[in-house]
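A.B. asks: Mind having a look at this structure? Questions to follow.
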Amino acid sequence: MKGGTVQINWHDTKPVLTLDFHPLSGILATGGSDFDIKLWTMNSGEEHNKGPGATYKTSLCYHTSAVNVLRFSPSGEQLASGADGGELVMWKLHSTDASEMWKFLKTFTFHRKDVLDLQWSTDGAYLLSGSVDNSCIIWDANKGSVLQILEGHYHYVQGVTWDPMSKFVASLSSDRTCRIYVSKPSKAKGTERINYTCQHIISKVESQIVNEPKSGKSFLFHDETLPSFFRRLDWSPDGTFLLVPAGTYKQTPGSEAVNTAYIVSREDLSRPALMLPGASRPIVAVRFCPLTYSLRGQNSSTFFNLPYRLIFAVATMNSLYIYDTESVEPIAIVAGIHYAAITDIAWSFDGKYIALSSQDGYCTLLEFGNEELGSIIHPSGFPVAKKKVNDSTAGADIGMADAARKEEKQEPSIQVTTPAPNKPAKRRITPMSID
């Protein structure tokens, strides 16, 4: 893995708030506080043994406020972008034999305040948005009409995600709750209509107190003082797991809270199954790689019983951890890369690149070598694995300690670490089952 923070003029030195890769061409789109969306061509550094770069291609100008989120449709034919003031815009790709051009298509009007996150349904027919007006909206992506308003949060909705199997949607709010909605289509005049109802609210957990008949409950998520606009959560590409950031966990009411991300199994969406503790700063975004990889057979003591490996990225305020589901150690750590908070994560469709955006006005680009992450299997059409998370709490050393300390430094010199499987960590950090 090579790369680092790319020192180019991304958005006139203003905060870069979001980014996403095109699912077919690999074009990188970024959005920022300069009100514009910019498209970039990725430049591989593999031949010259250096990190990747990006070349400016064009700008999409329509927004009149900061662009907080953008996401390409699964087909790659459309791009949705959300901004301050409730702006939600759809762009469409126009292709000819000679060139490709993105053009403004329509605006989606209903949100009263800033749109902070977006997600497409797997078939590209629907769009889910979350806003500072405390609501989520399910839109008809073609008509631009509101199909359903999901209310219930008492504070900003800072993250939304759509189950790839389309049975669930999830939202994460600064009211310290993660809401899971289940699809229960309604029928009217013989026509089936989309309808999601709240099935679970993940908010608190019983503190584990030995020899105490009464145990208190503690919140699982940071409150509104978390210094980030975003809490971007994500489903695994096979729909087996939901990965949720902005976690804070106390072993007992009197113990110190630790920053964490939670893994929620599809088999039981009412509570987290596992947590990933150890980050010295809050986790603000997570993103699964869109591909699946063959097992390496390097770790028989795994928390996930899957016939393949999934890879996911976890971003704190200024560091990145990359995990796979075959081991409990992060397979890579990139620490101290930005002066200001990381705002978004994106994987390229082929798993070759991962990109991070930041409020310091720059983006970090990382490039993986051929089969560095493993051998790709099932490049499309992921099956839903009917395997449960192993609830055992087997100990394992995670090499986060050094990276966590580096996060506290002000100088954002990039540090890339690949933990050695047999090397003992200086500090023991164990992924935990939440009982």
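The values are calculated or read from the model by the stated rules, or taken from the named source; none is laboratory data. None of these values were measured; they are calculated from a predicted model. Glycine also receives a Cβ, built like all others from the backbone with ideal geometry; neighbour counts cover every protein chain displayed. Surface areas here come from the heavy atoms of the whole protein model, side chains and all, with no ligands, DNA or RNA. Shrake-Rupley method; radii C 1.70, N 1.55, O 1.52, S 1.80 Å.
A.B. asks: For the subset of segment 76-98 comprising residues that are of a type in the set (S, T, N, Q) and open to solvent by less than 60 Å² (accessible area, probe 1.4 Å), which member is nearest to SER131 (Cα to Cα)? Before the answer, list the steps.
C.D. replies: The first filter runs over segment 76-98 and keeps only residues of a type in the set (S, T, N, Q), leaving 78, 81, 95-96.
Cutting the leftovers down to open to solvent by less than 60 Å² (accessible area, probe 1.4 Å) gives us 78, 81.
Working: GLN78: 21, SER81: 13 Å.
The selected residue is SER81.
A.B. asks: Now, a different point. For segment 132-201, list the strands (runs of 3 or more DSSP E) that sit wholly inside it and hold at least 2 residues that are under 23 Å from SER265 (Cα atoms) and modelled with pLDDT of 95 or more; which are they?
C.D. replies: Working: elements: 136-140, 146-150, 157-162, 168-173, 178-183, 186-188, 191-193.
Result: 157-162, 168-173, 178-183.
A.B. asks: For segment 117-131, how many residues are open to solvent by 20 Å² or more (accessible area, probe 1.4 Å) and either among the aliphatic types (A, V, I, L, M) or on the phi > 0 side of the Ramachandran plot (or both)?
C.D. replies: Residues meeting the conditions: 1.
A.B. asks: Output the qualifying pairs, or none if there are none: Cβ atoms under 7 angstrom, residues six or more apart or on different chains, first residue in segment 105-116 and more than 16 Å from VAL67 (Cβ to Cβ) and open to solvent by less than 50 Å² (accessible area, probe 1.4 Å), second residue among the polar types (S, T, N, Q) and assigned to a strand (DSSP E or B).
C.D. replies: The qualifying pairs do not exist here.
A.B. asks: Would you point out the residue of segment 269-290, among those that are within 23 Å of THR18 (Cβ to Cβ) and in contact with a helix residue (DSSP H, G or I) (Cβ under 7 Å, 6 or more places away or on another chain), that is surrounded by the fewest Cβ atoms within 10 Å (Cβ to Cβ)?
C.D. replies: Quick first cut of segment 269-290, residues within 23 Å of THR18 (Cβ to Cβ) only: 279, 281-290.
Filter once more, so that each one left must be in contact with a helix residue (DSSP H, G or I) (Cβ under 7 Å, 6 or more places away or on another chain): 279, 281.
Working: ALA279: 24, ARG281: 18.
Out of the qualifying residues, it is ARG281.
A.B. asks: Restricting attention to segment 54-106, which residues are aromatic (Phe, Trp, Tyr) and closer than 19 Å to TRP162 by Cα?
C.D. replies: Listed by number, the list holds a single entry, PHE72.
A.B. asks: Right, something else. Mind listing whichever residues of segment 39-94 are of a type in the set (D, E, K, R) and either under 14 Å from ALA346 (Cβ atoms) or in contact (Cβ under 8 Å) with a residue 60 or more places away in the chain (or both)?
C.D. replies: Filtering segment 39-94 down to residues of a type in the set (D, E, K, R) leaves 46-47, 50, 57, 71, 77, 84, 87, 92.
Matches in segment 39-94: GLU46, ARG71.
A.B. asks: Moving on to the next point. Quick check on my filter: what residues within segment 291-348 are of a type outside the set (Gly, Ala, Ser), assigned to a loop (DSSP other than H, G, I, E, B), open to solvent by 10 Å² or more (accessible area, probe 1.4 Å) and within 22 Å of ASP117 (Cβ to Cβ)?
C.D. replies: Scanning segment 291-348 gives a single hit, MET317.
A.B. asks: What is the number of the single condition among (1) over 25 Å from ILE283 (Cβ atoms); (2) of a type in the set (Val, Ile, Thr); (3) open to solvent by 30 Å² or more (accessible area, probe 1.4 Å) that ILE201 does not meet?
C.D. replies: Checking ILE201 against (1) over 25 Å from ILE283 (Cβ atoms); (2) of a type in the set (Val, Ile, Thr); (3) open to solvent by 30 Å² or more (accessible area, probe 1.4 Å), the one that fails is (1).
A.B. asks: Considering every residue within segment 213-232, establish whether at least one is open to solvent by 50 Å² or more (accessible area, probe 1.4 Å), assigned to a strand (DSSP E or B) and not aromatic (Phe, Trp, Tyr).
C.D. replies: Among the residues of segment 213-232, at least one is open to solvent by 50 Å² or more (accessible area, probe 1.4 Å), assigned to a strand (DSSP E or B) and not aromatic (Phe, Trp, Tyr), which makes the answer yes.
A.B. asks: For segment 239-258, which positions are open to solvent by 10 Å² or more (accessible area, probe 1.4 Å) and part of a strand (DSSP E or B)?
C.D. replies: Taking segment 239-258 and keeping what is open to solvent by 10 Å² or more (accessible area, probe 1.4 Å), we get 248, 250-258.
Passing the criteria: THR248, VAL258.
A.B. asks: Still on this model: So which residues in segment 153-163 are open to solvent by less than 20 Å² (accessible area, probe 1.4 Å) and farther than 22 Å from PHE288 by Cβ, if there are any at all? Full working, then the answer.
C.D. replies: Taking segment 153-163 first, the residues open to solvent by less than 20 Å² (accessible area, probe 1.4 Å) are 153, 157-163.
Listed by number, the list holds a single entry, HIS153.
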